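The values are calculated or read from the model by the stated rules, or taken from the named source; none is laboratory data. Since this is a predicted model, take the numbers as computed values, not measurements. Cβ coordinates were reconstructed from backbone atoms using ideal geometry, including for glycine residues, and neighbour counts include every protein chain displayed. Side chains are part of the model used for accessible areas, which takes the heavy atoms of the whole protein and leaves out ligands, DNA and RNA. Shrake-Rupley method; radii C 1.70, N 1.55, O 1.52, S 1.80 Å.
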Amino acid sequence: RVEWSDAPTCEPTRDDPATTQRAGDMLGRVAVAGHPSARPPRLPAAALLGGLDAALATLIGAGSLDGAVAERVAARARSNLPGNLPAGLLHLDCRPEHVRVTAAGPVLVGLHHLAFGILDQQLARAWCQWPMSSASRARFLGAYARHRPTRQFLLYELFWAAFTLATVAAERLRAGQPADDLAVALRHVASGELPREWAAPPAAPEAPVRVAYICDYLMIGGQERAALELLRGLDRRHFEPFLYAFRGGTMEPAFRALGIPMQVASSRDPMAAAARWTEEDRQEKEAGREGLAAALRRDRIEAALVFGWRAAAAAGRSTGVPVMIERLDGPTLVGKVADKRDFQRVVAQSATLRDAVIARAEEFGIDAGRVELVFTGVDLDRFDARGADREGVRKALGLGADALVVGTVGRLVPGKNIDLLVEAFATIPADALPGPCRLLVVGPAHGSLGMLRDRAAALGVADRVAFLPGTSDVRPAYAAMDVFAMTSLGEGLPNVILEAMAMGLPIVTTGAGSIPEAMDGNGFLLPGAGPARIGRRIARLLRDARLRRRMGDRSLAIAARFAMRHSVGRYEEMMLECLAAAARRGD
């Protein structure tokens, strides 16, 4: 039951988890109750774009938003546009100041109008104008979801951010009210980040938080590349980073170029150790554990992000690090640190991975509520095809202007299943394409290079397959490609998929792990496909330039959902929230 009253409106409600939970329950009920149709109709969400464009035009005309910024906001919104949405009865103007919680339950005050419209617009409007902490956010959504699903809203959160902020800001301007705060939030959306105003982050610390990034190795890999990008994007005004690793590797120079304090415990080649683990390695590992604990104590670390080093949790516990957060980027790492009791948060980089961790939460010794989803991010400014010298890169690789290039990026290990891609490439008739075709395989040789060369030779395509060594800067390789392909056996949500999408490439993939979460009309998803079927899809893209362009444009649009700044911001917010909670506990 929701009570309606014409009483004067309240002051804006403060961020209180209990209040927001009750409000979420109330707003979830303000929906289709009593609607004559058992199944509310569905409306095309594309119709909302007209309203968004009109709102942005109002903001440009008022001088509140630069035209170029507005164009980027519109592009971000279109990239995250849902196909259609359920419609029903909803309230036109339900804001925090219209909510009064009484002993009898929530009361809506000062409201008069119901309308037939998009249900999730109601949630978006409340979300926009009611800043919440993560705890309040979770309670609000949990209560709301008792009455109608929130999945659709969350799936298209960036769209709703752009739409709601722009339309509400335009309404304010038409009413002669200021809208500067919403214009700032729209500029965040333009850069690919959900506006901080929606999450009400904790106040900035008085002094920068001393943050440890703890990695086992610094070889080229998903975890290591994620650590590098999270370090690059960290707000140095509020966080002071330190890096600790057991062993170095190919990516060590890239980390050192950041100019942050680093400690690498062993100089032994990590690839040699991986091939044959010795007693010397075991002793170095033990010394590395002790050295890590000493470094955390010496550097007075306040929060630590752990990237797959088993010793990190014990080291943090023994030295009293207040906040420990584990970051997972693939199914093979879920149980690498089997005892997760010392982690205040366990962060999965895809929804699939999050569900896998939650399913084993009891085994890991954690509450499911401590498992969070922060999608893998991609730096949309660095991975931008407009700044790439495609012609120069292709010339350096000996590729002619008419060459058609399908490529992949990843470690040359059995799990990447690159031999399937080589076999698929071999099925493509060379004379059926409008130009010479090449396969480009980019990645460090972690044991499979010889086998892949032999396989290409046996299939008669050795002269058309190029193997390039791994590098910390793969942008030139993407610039040379026309199609990106990935045939891994197991993945989380790979950095390389998002990078290729940000570079405007169509994708052909067997869709291992969480890859389907990033696929939506931007290529071909082929679970369980054999070489012939994969080859046919690659060939279709290589023959059809218009299809490549259309799917490549869709890749660009989807990549906007995964902006690195948004990912970094979530980690920053999480650390500050956990530190505040530790301070309240007196840790």
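Sort the chain into rounded, prolate or oblate with this rule: let a ≥ b ≥ c be the square roots of the eigenvalues of the Cα gyration tensor; rounded if a/c is under 1.5, and if a/c is not under 1.5, prolate when a/b is larger than b/c, oblate otherwise.
Working: a/c = 2.06, a/b = 1.31, b/c = 1.57.
It comes out oblate by the Cα gyration axes.
Antiparallel versus total DSSP beta bridges in the chain: what percent is that, nearest 5? Intermediate results must be reported in sequence, preceding the final value.
On the way: 12 of 61 bridges.
Antiparallel: roughly 20 percent of the beta bridges in the chain.
Give the carbon-plus-sulfur fraction of the accessible surface of segment 246-320 in %, rounded to a whole number; probe 1.4 Å, heavy atoms of protein chains only.
Details: 1810 of 3770 Å².
It is 48 percent, rounded to a whole number.
Whenever you get a sec, line up 336, 285 from highest to lowest accessible area (probe 1.4 Å, protein heavy atoms). Don't skip to the end; give the middle numbers.
Numbers: 336 50, 285 30 Å².
Result of the area sort, largest leading: 336, 285.
Heavy-atom accessible area of residue 380 with all protein chains present, probe 1.4 Å, nearest 10 Å²?
30
Compute the signed sum of charges (Lys and Arg +1, Asp and Glu -1) over the other residues within less than 14 Å, Cβ to Cβ, of residue 513.
Numbers: positive: 354, 416; negative: 329, 355, 491, 517.
After counting each charged neighbour, the total is -2.
Any lysines with Cα under 30 Å of the residue 336 Cα? List them, leaving off those in the same chain fewer than 8 positions away.
Partners within reach: 285, 416.
Would you compute the Debye intensity of segment 388-461 from its alpha-carbon atoms alone, equal scatterers and no solvent, and pass along log10 I(q)/I(0) at q = 0.22, 0.24 Å⁻¹ to two decimals?
-1.07, -1.16
Which number comes out as Rg/Rh for segment 474-516 once both Rg and the Kirkwood Rh are worked out on C-alpha atoms?
Working: Rg = 10.0 Å, Rh = 10.5 Å.
Result for segment 474-516 is an Rg/Rh of 0.95.
Specify whether the C-alpha gyration tensor of segment 250-386 places it in the rounded, prolate or oblate class, a ≥ b ≥ c being the square roots of the eigenvalues: rounded for a/c under 1.5, otherwise prolate if a/b is larger than b/c and oblate if not.
On the way: a/c = 1.45, a/b = 1.12, b/c = 1.29.
In terms of gyration-tensor shape, rounded.
Can you tell me how segment 442-587 classifies by the Cα gyration tensor, rounded, prolate or oblate, using a/c under 1.5 as the rounded cut? Kindly include the intermediate steps, with their values, before the conclusion.
Working: a/c = 2.43, a/b = 1.76, b/c = 1.38.
Prolate, because a/c is 1.5 or more and a/b exceeds b/c.
What number in nm² do you get for segment 315-361 if you take the convex hull of its Cα atoms and divide its surface by four?
Numbers: hull surface 12.7 nm².
Hull-based average projected area comes out at 3.2 nm².
Over the Cα atoms of segment 505-587, how large are the radius of gyration and the largest Cα-Cα distance (Dmax), in Å?
19.8, 65
Through the Karplus equation 6.51 cos²θ - 1.76 cosθ + 1.60, θ set to phi - 60°, convert the phi angles of segment 375-384 into ³J(HN,Hα) values in whole Hz; use x for Gly and Pro.
4, 3, x, 10, 6, 5, 7, 6, 9, 9
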